[in-house]
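Okay, structure first, notes after.
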Amino acid sequence: MKRNTWQRESVRDSLAGIGGFISAQALHAALRAGGSPIGLATVYRTLADLAAIGEADSLQSPDGEALYRACSSGEHHHHLICRHCGRTVEIGAAEVESWAQRVAAENGFVDAAHVVDIFGWCAQCADEASGVEDASSARRAPGAADATGAV
Ligand SMILES: [Zn+2]
Ligand SMILES: [Zn+2]
Ligand SMILES: [Zn+2]
């Protein structure tokens, strides 16, 4: 599948230049603004291809739109993704590799691949959401009397 090589390169380059997550539509607009004649359908397909081969990270925005980001590692890996701010950490997962291989083999599957991404709230977003005040009071010993009224 070597078709559309220049288009693939230009999508890949502009995605890398953007750094963060972007929708196909916004990336297409950026490419057109830069003078590229590339079509929106090609941008969609190319981004999906890049995600499939691990050169781009993809995630679903809260309103259901697919967002993409250049992936910093060409090796097989997994992601921890903050569903609030989109912060992404690239992680290895040795346990997942052996588990996936074993389960595939047990079911007679060959050439098995998998996609495992973990979504959650990053530490920073979780802190902001829970507010600053309970950072210290959460450590009260179990059973201790609530004596915080003194101050
Ligand atoms: Zn990645
Ligand atoms: Zn976050
Ligand atoms: Zn894996």
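The values are calculated or read from the model by the stated rules, or taken from the named source; none is laboratory data. This one's a predicted model, so the numbers in the text were calculated from it and none came from an experiment. Virtual Cβ from ideal backbone geometry, glycine too; neighbours counted across all protein chains shown.
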Inset, instruction - Report, by residue number, each residue of the range 21-64 that is over 20 Å from H76 (Cα atoms) and either of a type in the set (D, E) or touching a residue at least 60 places away in the same chain (Cβ under 8 Å) (or both). - result: D63
Legend entry - Members of the range 51-70 found to be among the hydrophobic types (A, V, I, L, M, F, W, C) and either more than 22 Å from A100 (Cβ to Cβ) or not assigned by TED's automatic domain parsing to the domain that holds Q25 (or both), listed by number: A66, L67, A70
Inset, instruction - Return a yes/no flag: does the range 83-105 have any residue that is under 20 Å from the mean Cα position of the chain (by Cα) and among the basic types (K, R). - result: yes
Inset, instruction - Look through A30, A70 and report the one residue that is farther than 18 Å from G120 by Cα and within 12 Å of ligand 1 (Cβ to nearest atom). - result: A70
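Provide a single number: the residues in the range 45-61 that are more than 13 Å from L15 (Cβ to Cβ) and hydroxyl-bearing (S, T, Y).
The total comes to 1.
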Legend entry - Unmet requirement for G54, which otherwise passes all of (1) at negative phi; (2) within 11 Å of ligand 1 (Cβ to nearest atom); (3) not polar (S, T, N, Q): (1)
Inset, instruction - Quick one: which residue in E9, E90 is charged (D, E, K, R) and assigned by TED's automatic domain parsing to the domain that holds W121? - result: E90
Legend entry - Residue list for the range 117-132, restricted to those being within 11 Å of ligand 2 (Cβ to nearest atom) and either among the β-branched types (V, I, T) or assigned to a strand (DSSP E or B) (or both): F119, G120
